[in-house]
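Notes follow once the structure below has been shown.
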Amino acid sequence: MKKRYTETQIVAKRRQADVLIGKGNSVPEVCREIEVSQQASGPSSVTENSVEAGKSPGVHYLRKENNEVIYEAESGPHGFVFSIEK
């Protein structure tokens, strides 16, 4: 279930994001820090170590739901990268 934020919380998260981006953090890093998610265009747009995430060891593509790509990841370190369609 998605968490819903109040207007005050949204403004605070936007301000925090602006500060973090101003310090040179990437958008994915900022999203992790302020605990929000980003949309991915599909399973092939998410990679781990330059490999499509669903084909990466320990990572399993489950489904695309409400414009979100859902994966199951086994324990251990995982670093995901995704492309954003413009």
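What follows draws every value from the coordinates through simple rules; no lab data is involved. The structure displayed is predicted, hence computed values, not measured ones. Positions of Cβ are generated from backbone atoms using ideal geometry, with glycine treated the same way; all protein chains shown enter the neighbour counts.
Please give the length that would be gained between LEU62 and GLU74 if that part of the chain were fully extended, namely 0.36 nm times their separation in residues minus their C-alpha to C-alpha distance (nm, one decimal).
Additional length available on full extension: 3.0 nm.
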Excluding GLU29 itself, what net charge comes from residues whose Cβ is under 15 Å from its Cβ, given Lys and Arg +1 and Asp and Glu -1? 0
